[in-house]
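*Asks:* Dumping the structure here so I can ask a few things about it.
The values are calculated or read from the model by the stated rules, or taken from the named source; none is laboratory data. These numbers were taken from a predicted model, which means no experiment stands behind them. Cβ placement follows ideal geometry from the backbone for every residue including glycine, while neighbour counts extend to all protein chains displayed. Side chains included, ligands, DNA and RNA excluded: accessible areas come from the protein's heavy atoms. Shrake-Rupley method; radii C 1.70, N 1.55, O 1.52, S 1.80 Å.
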Amino acid sequence: MSGFLAVLVVVLIFIVIFQIAKASEYVSILKGEKKARQQNNRINGFLLIAFLVLGLIGVYYCNELLKGKILGEAASEQGDSIDNMIMWTLYITGIVFVVTQILLFWFAFKYQEREGQKAYYFPHNNKLEVIWTVIPAIALTVLVAIGLRHWFRITSEAPKDAMVVEITGKQFNWLIRYPGKDGQLGSKFFKNINDATNPVGQDWDDNLNKDDFMATEMHLVVGKPVKLIIGSRDVVHDVGLAHFRMKMDAVPGIPTTMWITPKFTTEQMKEKTGNPDFIYEISCDQMCGSGHYSMKANIVVETQKEFDAWVAKQKSQYELAHASATPAPAPQQEPAKDTTQKAVAAIVH
Amino acid sequence: MSNEATLHSHQHEVTHGTVAHDDHGNGHHEHHEDSFISKYVFSMDHKMIAKQFLITGIIWAIIGAAFSVIFRLQLAFPDTSFPILETLLGHWAKGGRITPEAYYALVTMHGTILVFFVLTAGLSGTFSNLLIPLQVGARDMASPFMNMLSYWFFFLASLVMIASLFVQTGPASGGWTSYPPLSALGDASIGSKIGMDLWLTSMALFVVSQLLGGLNYIYYPEHAYQGYEHDQDTFDHLVFLLHCRTGCIILPCTAVRLHPAADGPSCRHQLLPERAVRSR
């Protein structure tokens with residue numbers, strides 16, 4: 001019943017709009033087309049100015065209202081320069097936005113149809129064309145150049161003292177692997193993947209793998225550069241680090257890298273934000289399937305001392321895999337839950 | 001044709017159509033009796049085709065906007081249950097909450113509809129068809145037949161896309177960019193099953209439609225370069241419209257073709273894992 005009423009209301013609204021349009025058309029015929037048109041133009045001109053003023057007020061108001069709701073200071077050194085770039089982009093585009101909007105609506109108002117005013121036909125002006133081509137071209141080139149500089153820096157080879165962390169996306173969580181004492185990640189092969197004992201498919205014959213350990217949250221050292229080696233087990237994911245102002249796609253088969261230097265520990269951020277529950281977060285920034293919204297991992301940024309204490313407590317995946325395999329071989333037989341993996345395998349064969 | 005003449009002939013037509021219900025509304029062209037089918041359905045008149053694009057585009061815009069209202073309702077009030085959603089979406093919104101699969105499907109279809117069916121077909125199909133012949137002072141598009149085909153391929157694409165909304169596993173849900181492998185593997189996402197197949201079929205028809213339309217759009221400017229150089233007036237009108245149109249048409253078409261191409265290597269790498277995954 002309520003559905004029927006809703007449809008009826010919509011139909012009635014359409015009829016009312018149609019009738020108003022029809023009535024105004026009859027009025028314009030009675031009044032004479034030219035006069036009606038001029039009056040319409042006047043009304044439209046005023047409405048455009050009203051739209052301009054209200055719109056600019058709205059822009060300012062939204063900015064004031066939502067100022068405190070954005071993320072706050074960037075928590076990495078690279079993030080600072082990215083914030084800087086965004087501010088410069090906003091200054092330049094903001095000035096252009098305000099000037100062009102004012103001109104657009106003001107001209108529409110000023111040059112509306114009037115008695116005795118004839119449009120001036122202005123076909124071409126080379127000087128003007130050059131000006132409005134060259135100035136935006138220079139501005140955009142500068143903006144793109146700044147962006148490329150940051151991009152090349154973030155994706156370039158990390159400093160020598162950087163620690164290495166591997167992060168692999170899968171539907172729907174992140175697998176984090178540390179290289180262990182030797183500082184080098186062991187090789188891996190997709191056929192070794194086993195959700196129970198070997199989630200990233202480490203090759204146990206490779207000695208570099210013996211000390212690699214998996215972690216449920218990513219621990220980083222404050223002030224120390226970290227190189228992330230990013231991969232995916234199934235579909236395209238994206239390591240989104242909003243607090244560090246970074247993100248990078250996790251593409252199956254193509255490892256990507258980026259490096260950052262965390263500036264504040266988690267404790268410092270709790271004080272800075274006044275939020276005792278503050279947590280650095282990795283979110284998946286690329287649509288990856290039905291669990292995309294829940295694909296999250298935490299990052300703990302701490303001092304070197306705390307980090308060393310945490311590392312000392314970790315058990316290598318090799319140890320875990322071989323400890324669990326001896327008493328209970330059952331889980332190893334169990335096929336992987338990840339159906340994508342099976343699908344890929346099916347296509348390969 | 002001067003600006004003024006264009007404006008007036010257009011207004012003339014509008015009043016004819018809506019007020020007087022004159023059967024000879026398109027009477028600028030040579031008078032010959034058209035049947036209902038050839039005048040309103042399989043029409044080769046650029047103005048009628050523009051109207052067909054406009055109406056189809058508006059219907060798509062309403063559907064696309066409704067989708068965005070539905071998923072934004074969930075986004076804005078994630079803790080609230082809206083029983084009307086269950087009425088509308090059935091088991092896709094059990095208990096008045098949209099399931100993740102349905103949410104992503106709505107977002108994907110909203111993007112697809114707005115980018116392709118409203119902005120590309122609805123706007124460029126309408127304005128290019130209506131304005132280009134008027135601005136060059138031609139009687140119609142270079143190939144009215146191709147123009148008609150352009151609309152009907154778009155219509156077919158629309159039908160397939162609408163059908164994909166009603167399949168059991170739901171429409172495509174991997175985002176309007178449809179990156180593989182997510183969009184390629186039915187096991188990775190429920191929307192990548194028959195929904196994605198229909199999405200691709202619809203896009204293929206859509207690309208054909210835009211190609212046929214686009215050939216018509218660029219025909220006259222080509223000739224303007226060759227024959228109308230002395231007519232600065234005509235040419236300036238065209239340059240403005242054509243800059244916009246070219247961008248509108250070429251960008252989405254290349255986007256559809258290039259995305260799978262650009263992502264192809266990643267897909268192939270996955271299928272040739274010895275080489276790829278064993279990198280470290």
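*Asks:* Any idea how many residues of segment A:249-274 are of a type in the set (A, V, I, L, M, F, W, C), without any contact (Cβ under 8 Å) to a residue 60 or more places away in the chain and more than 12 Å from chain B (Cβ to nearest Cβ)? Talk me through it step by step, then tell me what you get.
*Replies:* Within segment A:249-274, the subset of a type in the set (A, V, I, L, M, F, W, C) is A:250-251, A:254, A:258-260, A:264, A:269.
Restricting the remaining residues to those that are without any contact (Cβ under 8 Å) to a residue 60 or more places away in the chain gives A:251, A:254.
Add one more test, that the residue is more than 12 Å from chain B (Cβ to nearest Cβ), and what stays is none.
The qualifying residues number 0.
*Asks:* So, of the residues in segment A:275-303 that are away from every other protein chain (no Cβ under 14 Å) and out of contact with any strand residue (DSSP E or B) (no Cβ under 8 Å at 6 or more places or on another chain), which turns out to be most open to solvent (accessible area, probe 1.4 Å)?
*Replies:* Of everything passing the filter in segment A:275-303, A:Asp277 is most open to solvent (accessible area, probe 1.4 Å).
*Asks:* If you don't mind, there's one more thing I want to ask. Hey, does segment A:314-337 have a residue that's within 14 Å of another protein chain (Cβ to nearest Cβ), surrounded by 14 or more Cβ atoms within 10 Å (Cβ to Cβ) and modelled with pLDDT under 95? Steps first, answer last, please.
*Replies:* Taking segment A:314-337 first, the residues within 14 Å of another protein chain (Cβ to nearest Cβ) are A:335-337.
Imposing the further condition that a residue be surrounded by 14 or more Cβ atoms within 10 Å (Cβ to Cβ) reduces the set to A:336.
Within this subset, residues satisfying the condition of being modelled with pLDDT under 95 are A:336.
Scanning segment A:314-337 turns up at least one residue that is within 14 Å of another protein chain (Cβ to nearest Cβ), surrounded by 14 or more Cβ atoms within 10 Å (Cβ to Cβ) and modelled with pLDDT under 95.
*Asks:* Return the pairs, sorted by first residue and then second, in which the second residue is among the small types (Gly, Ala, Ser), the first residue lies in segment A:91-115 and is open to solvent by less than 70 Å² (accessible area, probe 1.4 Å), the beta carbons are less than 6 Å apart, and the residues are 6+ apart or on different chains.
*Replies:* A:Ile92/A:Ala139; A:Phe109/A:Gly45; A:Gln112/A:Gly45
*Asks:* Right, something else. Please enumerate the residues belonging to segment A:18-59 that are polar (S, T, N, Q) and either outside any helix (DSSP H, G or I) or closer than 19 Å to A:Ala108 by Cβ (or both). I'd like the intermediate steps shown before the answer.
*Replies:* Taking segment A:18-59 and keeping what is polar (S, T, N, Q), we get A:19, A:24, A:28, A:38-41, A:44.
Within segment A:18-59, A:Gln38, A:Gln39, A:Asn40, A:Asn41, A:Asn44 qualify.
*Asks:* Now a separate question. Has segment B:81-93 got at least one residue that is over 17 Å from the mean Cα position of the chain (by Cα) and outside any helix (DSSP H, G or I)? Explain how you work it out, then say what you get.
*Replies:* At the first step, the residues of segment B:81-93 found to be over 17 Å from the mean Cα position of the chain (by Cα) are B:81-93.
Then drop every residue that is not outside any helix (DSSP H, G or I), which leaves B:81-82.
Yes; the residues of segment B:81-93 include at least one that is over 17 Å from the mean Cα position of the chain (by Cα) and outside any helix (DSSP H, G or I).
*Asks:* Kindly indicate which of B:Ala121, B:Ala138, B:Ala163, B:Ala157 is open to solvent by 40 Å² or more (accessible area, probe 1.4 Å), among the small types (Gly, Ala, Ser) and more than 14 Å from chain A (Cβ to nearest Cβ).
*Replies:* Values: B:Ala121 fails: open to solvent by 40 Å² or more (accessible area, probe 1.4 Å); B:Ala138 fails: open to solvent by 40 Å² or more (accessible area, probe 1.4 Å); B:Ala157 fails: open to solvent by 40 Å² or more (accessible area, probe 1.4 Å).
Exactly one of B:Ala121, B:Ala138, B:Ala163, B:Ala157 is open to solvent by 40 Å² or more (accessible area, probe 1.4 Å), among the small types (Gly, Ala, Ser) and more than 14 Å from chain A (Cβ to nearest Cβ), namely B:Ala163.
*Asks:* Going through segment A:262-320 one residue at a time, which ones are over 22 Å from the mean Cα position of the chain (by Cα) and hydrophobic (A, V, I, L, M, F, W, C)?
*Replies:* A:Phe307, A:Ala309, A:Trp310, A:Val311, A:Ala312, A:Leu320
*Asks:* Which condition from (1) in a helix (DSSP H, G or I); (2) of a type in the set (S, T, N, Q); (3) within 20 Å of A:Leu241 (Cβ to Cβ) is the one that A:Thr168 breaks?
*Replies:* Among (1) in a helix (DSSP H, G or I); (2) of a type in the set (S, T, N, Q); (3) within 20 Å of A:Leu241 (Cβ to Cβ), A:Thr168 violates only (1).
*Asks:* Looking at segment A:87-101, can you tell me whether even one residue there is at pLDDT below 90 and assigned to a helix (DSSP H, G or I)? Outline the logic, then answer.
*Replies:* From segment A:87-101, those at pLDDT below 90 are none; that's our starting set.
No, there is no match, as no residue in segment A:87-101 is at pLDDT below 90 and assigned to a helix (DSSP H, G or I).
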